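Notes for the one structure printed next.
The values are calculated or read from the model by the stated rules, or taken from the named source; none is laboratory data. These numbers were taken from a predicted model, which means no experiment stands behind them. Cβ placement follows ideal geometry from the backbone for every residue including glycine, while neighbour counts extend to all protein chains displayed. What goes into the accessible areas is simple: the full protein's heavy atoms, side chains included, and nothing from ligands, DNA or RNA. Shrake-Rupley method; radii C 1.70, N 1.55, O 1.52, S 1.80 Å.
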Amino acid sequence: MASTENMLLTKLRQLECHFTWELNYTHLNDLQIRLKNEIELASEKDKNIGWFYGNLAFTKYMQRLLEKARDDLTKAEEHIRKQHGDNCEKQLIVTYGNFAWVYYHKGEHEKSQTYLDKLEGIKKKFPTESPSALHPETYGEKGNAFMKFFHQYNEKAKECFEKAVELEPEEIAWNEGYAVALYRTESNLTSFEESPASRQLRRVLELDPNNAHIMALLGLKHADYEEYQKAEELMERAMKLDPDKPYVIQYVAKFYRKIGKVEESIALLKRALEITPDSALLHHQLALSYGWKTANNEETEDLSGLRIQHLEQAISLKPSFVLAMVELGRVYAEIRDNRKAEEMFKKAIEAANDSNEYHQIAYLKYANFLLYQERSVPMAVVYYKKGLQLQKDTTQWNVCARRLEKIANDKISRNPIDGEAFGILGYVNQMRGDTHQAIECYEKAILYDPANEEYQTALFDLCLSLQ
């Protein structure tokens, strides 16, 4: 009996489905709300409804709600069959894999084996070019799951959708997923034309000219390169095509905030919240729009209260919402409530550690608070340095580097033999990869602070790296 169960488990582990993709999510409530909202707002023709139910089913499994997980998988299969008819077998590969796992965890091993047999039949009927290759439908659903579950999975999502597009270049769903993944992962480039995300967004609109979601994202891409007229034209068209989709409204509101039309941004976000009042993202965006009024000297006690209210609501809905926590910390700092600001920044760093994302932003904003509000230069240096230890060449990384250099240069202007200042410059250059400049700075640091073991160790390691 144990041998049979082990064989079943071995087969299950070889499947391509949510249970084998190593998906993790700390706070499931926010994800479930977003998935349910997408299902409720989707049209009957939306081919992704089956994907939404598949993702939702896995969140239920993660809560050990196996009956509800099975029910959601049943709904996923029903929608896939309704949308694809008799030619839906390849679209059911992931759903059948999930069914097999759910029944295994329910202890219904015969039913689990039944789904394994169904999958074996599909694989024989539709063989892939190699044993390791997947069907485009599987790549697509895998990419969608990566994007839905965690921000840090966007790179994996991009790879999945890219493979799906290679196999089926004309399929709208794969092209759209690839465009969104590129948009989320792309660093700032020098021009709109050299942007792969821009090209892919336009490709989707060639295939699906009335796709308001992609139209709005393309508008934001134009805005990134200060092509505001083109951006606004796209935003207006997107709103005419799909005026009641919260994520379209959110993108348009973000654009309006960027170009200073803050009242329009606030009005749109309020309308979106009427449609989906439990959206943490929309509450956060509305707080940012109120914050724009603050930045333009329109601050009132009421505005501060609204910012705090919406940020607290966002965090309540999504307890891992690092960006909302950081923003709330900034609001408290602005109204001189440093105790609450300190608490919120530390909570943001803790949440970033738990979720393994947005560390750099949390470190940078806390360091700014320590430097400008608390006037604690030594502690600010500690957290700017933490920011430099993470991903290089991001906006946050560059700000941390500049702030450290300014702190060091200010110290040197007051005291030309400040060893700590040269140590800070050595560290920045070391993290930047400028070994020779780092060595020069550390040599000066040791000259003025000869007993400092940290500088001695750093200098030794740098000299060793040149040999």
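Overview of results
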read-out: Note, ³J(HN,Hα) from phi for the stretch 16-22, Karplus 6.51, -1.76, 1.60, rounded to Hz, x at Gly and Pro; value: 9, 7, 4, 6, 10, 9, 6
read-out: Cα centroid separation, the stretch 211-287 to the stretch 382-424 (Å); value: 37
read-out: Prolate/oblate/rounded label for the stretch 253-406 (Cα gyration tensor, a/c 1.5); value: prolate
read-out: Distance violations [Cα-Cα > 27 Å] among LYS60/LYS124; LYS158/LYS270; LYS258/LYS318; value: LYS60/LYS124; LYS158/LYS270
read-out: Only Lys, Arg (+1) and Asp, Glu (-1) charged, at Cβ; the chain dipole about Cα centre in debye; value: 520
read-out: Inter-label distance for HIS436 and GLU155, nm, one decimal - labels placed 7 Å from Cα along Cα-to-Cβ; value: 3.1
read-out: Local electrostatic count at LYS106 - Lys and Arg +1, Asp and Glu -1, tallied over other residues with Cβ under 13 Å; value: +1
read-out: Å² per residue, accessible surface of the stretch 16-171 at 1.4 Å; value: 48
read-out: C-alpha long axis of helix 66-84 to longest principal axis of the chain, angle in °; value: 70
read-out: Surface share of carbon and sulfur [accessible, 1.4 angstrom probe, percent] for the chain; value: 47
read-out: Of PRO450, ALA380, MET344, farthest towards positive along the dipole that unit charges on Lys, Arg, Asp, Glu beta carbons give the stretch 343-467; value: MET344
read-out: Gained length - VAL382 relative to LYS124, 0.36 nm times residue gap less alpha-carbon distance; value: 87.0 nm
read-out: Per residue solvent-accessible surface (Å²) - the stretch 396-448, probe of 1.4 Å; value: 49
read-out: Tensor-based shape of the stretch 1-94 (alpha-carbon gyration tensor, a/c under 1.5 rounded, otherwise prolate or oblate); value: oblate
read-out: Ranked packing of 176-182, 267-273, most packed first, by mean Cβ within 10 Å; value: 176-182, 267-273
read-out: Global geometry of the stretch 228-338, whether rounded, prolate or oblate, following the gyration tensor of its Cα atoms and the 1.5 cut on a/c; value: oblate
read-out: Net charge of Cβ neighbours under 15 Å - reference GLU5; Lys, Arg +1; Asp, Glu -1; value: +2
read-out: Estimated 222 nm signal from helices in the chain, with DSSP H stretches of n ≥ 4 weighted -39500 (n - 2.57), rounded to 500; value: -24000 deg cm²/dmol
read-out: Residue-normalised accessible area of the stretch 188-261, given per residue in Å² at a 1.4 Å probe; value: 47
read-out: Rounded to whole Hz, the Karplus (6.51, -1.76, 1.60) HN-Hα couplings of the stretch 460-467, x for glycine and proline; value: 4, 5, 5, 4, 5, 5, 8, 7
read-out: Estimated inter-spin distance, ASP461 and GLN389, nm [label 7 Å along Cα→Cβ]; value: 1.0
read-out: In sequence order, calculated HN-Hα J values of the stretch 411-424 (Karplus, 6.51, -1.76, 1.60; Hz; x Gly/Pro); value: 5, 5, 5, 8, 8, x, 10, 7, x, 4, 4, 5, x, 5
read-out: Calculated FRET efficiency for the pair GLU166/SER187, C-beta based, R₀ 22 Å, to 0.05; value: 0.45
read-out: Reported label for calculated Rg and Dmax of the Cα atoms in Å given (i) 25.8, 79; (ii) 20.6, 59; (iii) 21.1, 70; value: (i)
read-out: Tilt relative to the chain, helix 93-105 - C-alpha long axis, 0 to 90 degrees, to 10; value: 90
